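Okay, so here's the structure we're looking at.
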Amino acid sequence: MAYDGITVAAVTDELNKKLTGGRVYRIAQPESDALVLTIRAQSGQYRLLLSADASLPLVYLTEENRKNPLNAPGFCMLLRKYIQNAKILAVTQPGLERVIRIEMEHMDEMGDMRKLCLITEIMGKHSNIILTDDNDEIIDSIKRISNLVSSVREVLPGRKYFIPETRGRLDPMQVKAGAFLDMPELMNMPVHKALTSYIGISNTSAAEFIRIAGADGDRIVKDLNADEKESLESVFSSAMEKIRTGDFSPVVYYQDSVPAEYAAIDTGMYPEKKTGYGMSETLELFYREKELHVRIRQRSAELRRAVQTATERVSKKLGLQEKQCRDTEKREKNRLYGELIRAYAYQIEEGAKVCVLQDYNTGENVSISLDPALSPQDNANKYFDKYKKQKRTYEALSVYIQQSMKALEHLESIQVALDLAQNEDDLKEIRQELSEAGYISADKGAPGRNGKCASGKNKGKNGGAKSKGLCSAPLHYVTEDGYHIYVGKNNHQNEYITFELANGGDMWFHAKKIPGSHVVVKTDGTELPDSVYETAAAVAAYYSKAGTQGKVDVDYTIRKNLKKTPGGAPGFVIYHTNYSMTVKPSLEGVRVAEGGQ
C-alpha cells in the first residue's frame, strides 16, 4: 500500500521497540534530502534511513550502507553538533499523521541536559526532516521553507513548529462507535472518499476496507443501509484496534511473481505473498524487489524485441510454407489421373480435351482434363510429373514446417524464460541461447553480453551450486516434508537440472504441452508422499506460460524416462511413459531453500 498513516504506525511501533534507550552513534547525509542514523541500542546496532525525497519519502531500518559525500552538508553537521551520542527517549506518531517524532535528550555545551526532537514528515512533495528544541522551536530542517514558498507554514530556524492543520480531515483514532459514517460532512460523499477523509487513510487502504466489507465504494454514504454501514465500521474499527495494540502483520503481496503492494496489516489483498518480516524488512524487501524487477524488465527489453522480431519472421515463413503445402494437396489426385489415363488409354480418342473414366477404387466416374496436342500416354506422364514434383515439394515442406514449428516453440520458451528472469546472469544465459540459435549476434566484448557464461562453482550438496556453463543457479525450494525441488528459469537451466542435477530415480514435472520450467524433485531413493507430487505439480504449473490460469495439466514421470530431443534446442525432451494431474498453479507448501534464490 502507500506509505500512509497505517504504515507509519507500524514503523513507529517497530522503531520505538528497537531504538528506545539507544544512542545516536553516527550521522550521515548521503543525499540532499536523506539521512542515515546509526544507533546503538541494547538489542544491537541499527541503521535508520530518514528520507524526505519528494517522490518517495520513507523511514525504515535498513542494512544498506550508503555512500556518503566527502564533505558533510550543513544540516548533517548541525545534527552532529546537537544529537551526536543523544539518547533516544521515545519514537512516536501524533494521531495517525504521516509524521514520526524521535524524542531525544542530549547534553549541551554548558553541560545541561536538553530535550530535542527529530521530526520526519512523510507528505509527498512537502516531506521534510526537522530538528526542534524542547519548546517546539525549529533549530533547522533539511529543507528550509519560507513564506515565499508556503503561505501555510514557514519551516525556518526560530519558528514555532506545528503540523499544518488538515482541514476537513477526521482523526480515525478518535471516532466514536456508531458514528463512523454518520457525520454530516460525510453524508454526500462516495464511500471511498469518505474513508480517505480520515487522517492517514490512503486510497489503497480505503479500497481494501471496502473490499473486505463487500461494499460499493462509489455509493453515496447517505444511501447505505444499516447493515452496510455496520460492515464497513466493523472492518475499519478492527484495523484501528490493531494499530492501537500494535498488532501488525507486515506483508509483501505479489502478482505474477512481481511485487504488487505492501501492507502493515495483512488483508489478503493477493494470495501470493511473503510474511514473517518486520515492517522495515518488509519495506526494504518490497522496494528492492520492485526496483530489481523494473531494472530487469528494462535490461531485457532488447532481448524481448529480438525474440518478438524472430517470432514474427518465423511465423511469416511458416505461413508461406503452409500455403505452399496446401498447394500440393492435389498430388494424390494427379497420381490417380495418370494411372487412370494409362489404364484406359485405349478408350481415349486422339485430340480429346476431356475424358470420363471409372475410378477403380470407388467405382465412380471421374472427369479428367487432357491436352489435345498430346497422346494419352504423354497426358498420363504429364500428370505423373505433376505428382512427383508436388510430392517432393510436400516432403521438403513437411521438414521445413516441422523446423519452423519447433523454432516457434523454442522462441515461446525463451519468452517464458524472460518473464522468469530475476537478475543479470539469467539474462546472460538467455542471450547466450539466442546467440547459439542464431537469432542475435554474440556481441563479443560488450559488457555482460559475451556469448558464453563463465564457469560456476562445482555442484554443492544436493546440486544447489552453479554448474559449469551456467551463469546463475536454478530456483531451489524445500517442501514441508523436507524434499528439495529445483526449477529451471530458462532452457539451459532446464537442461542442467534434468540431465546433470537429477539422477534416474528423481521425479520430473512439466506443464502439459505448454512452455514452462522443468521441475525436479530429489527423491533420495525414497517414495514421495502424494502431497509432494501435488506440490511439485503446482510449482511446475506456476512456472509455466499458463501460470495465471485456474487449472493446468501437468505431466510427471521418473527422470530415466526422459531423452533429449535429437538435434533439438537445450531443455527440450521427449518421453512416452508418464502420468498427468490437473492442479492449480501455486507455490504453497514450499519455502525458498537457504541460498536458493
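Readers should treat all values here as calculations from the given coordinates under stated rules, not as data from a laboratory. Note that the structure is a prediction, hence the values are computed from the model and not measured. Ideal geometry is used to build each Cβ from the backbone, glycine not excepted, and the neighbour counts take in all protein chains shown.
At 0.36 nm per residue, minus the direct Cα-Cα distance, what do Asn503 and Arg66 gain on full extension? Give it in nm, one decimal, please.
Difference between extended and current length: 152.8 nm.
Given the options Gln358, Thr328, Thr311, identify the residue whose Cα lies farthest towards the positive end of the charge dipole of the stretch 304-361 (+1 on Cβ of Lys, Arg; -1 on Cβ of Asp, Glu).
Sorting the options by dipole projection puts first Thr311.
As a quick test, which of the pairs Lys87/Lys115; Lys317/Lys563; Lys406/Lys563; Lys489/Lys513; Lys87/Lys143 have an alpha carbon distance above 20 angstrom in this structure?
In this structure, Lys317/Lys563; Lys87/Lys143 lie more than 20 Å apart at Cα.
What does the helix-only formula give at 222 nm for the chain: each DSSP H stretch with n ≥ 4 adding -39500 (n - 2.57), the total divided by the residues, and the result rounded to the nearest 500 deg cm²/dmol?
-11000 deg cm²/dmol, from helical runs alone.
Rounded to the nearest 0.05, what FRET efficiency do Lys290 and Lys17 give with R0 = 25 Å and r taken as the Cβ-Cβ distance? Could you check?
Efficiency, from the Cβ-Cβ distance: 0.40.
Fewest to most neighbouring Cβ within 10 Å: what's the order for Met240, Met113?
Least to most surrounded, the residues fall as Met113, Met240.
Treat the count of other C-beta atoms within 10 Å as a stand-in for reagent exposure and order Val366, Val11, Val590, Val149 from fewest to most.
Least crowded to most crowded, the residues run Val149, Val366, Val590, Val11.
Please work out the FRET efficiency for the pair Asn85 and Ser441, using the Cβ-Cβ distance as r and a Förster radius of 60 Å; give the result to the nearest 0.05.
Efficiency, rounded to the nearest 0.05: 0.50.
What's the exposure ranking of Leu434, Leu283, going from fewest to most Cβ atoms within 10 Å?
In increasing order of surrounding Cβ atoms, one gets Leu434, Leu283.
Treat every Asp and Glu Cβ in the stretch 5-141 as -1 and every Lys and Arg Cβ as +1, leave all other atoms uncharged, and give the resulting dipole magnitude about the Cα centre to the nearest 20 debye.
About 540 debye.
Three principal axis extents, largest first, for the C-alpha atoms of the stretch 172-296, in Å?
49, 30, 22
With an 8 Å cut-off on Cα pairs and a minimum separation of 6 or more residues, tell me the relative contact order of the stretch 5-141 in percent.
22
Can you give me the C-alpha center-to-center distance between the stretch 266-333 and the stretch 201-225, rounded to a whole angstrom?
Going from one Cα centre to the other spans 35 Å.
Of the listed values (1) 37, 28, 24; (2) 69, 30, 25; (3) 55, 51, 21, identify the label whose number matches semi-axes √(5λ) of the Cα gyration tensor in Å calculated from this model.
It is the one labelled (2).
Using Cα pairs closer than 8 Å and at least 6 residues apart in sequence, work out the relative contact order for the chain, in percent.
Over the chain, the number comes to 7 percent.
Give, rounded to the nearest 20 debye, the magnitude of the charge dipole that the chain has about its Cα centre when Lys and Arg contribute +1 at Cβ and Asp and Glu contribute -1 at Cβ.
Roughly 2240 debye, rounded to the nearest 20.
Could you give the length gained by full extension between Lys222 and Glu185, i.e. 0.36 nm per residue of separation minus their alpha carbon distance, to one decimal place?
Using 0.36 nm per residue and subtracting the Cα-Cα distance, I get 12.2 nm.
Could you list the GluC sites (Glu not before Pro) in the stretch 54-127 that lie in coil according to DSSP, counting only those with at most 13 other Cβ atoms within 10 Å of their Cβ?
Passing both the DSSP loop test and the Cβ count: Glu63, Glu64, Glu109.
Grab the Cα-Cα distance for His576 and Ser151, subtract it from 0.36 nm times how many residues apart they are, and report the gain in nm with one decimal.
145.3 nm
Could you tell me which trypsin sites (Lys or Arg not before Pro) in the stretch 46-94 are loop residues by DSSP with no more than 11 other beta carbons within 10 angstrom of their beta carbon?
Lys67
Lys and Arg at +1, Asp and Glu at -1: add these up for the other residues within a Cβ distance under 15 Å of Met173 and post the number.
Charge balance near Met173 sits at -2.
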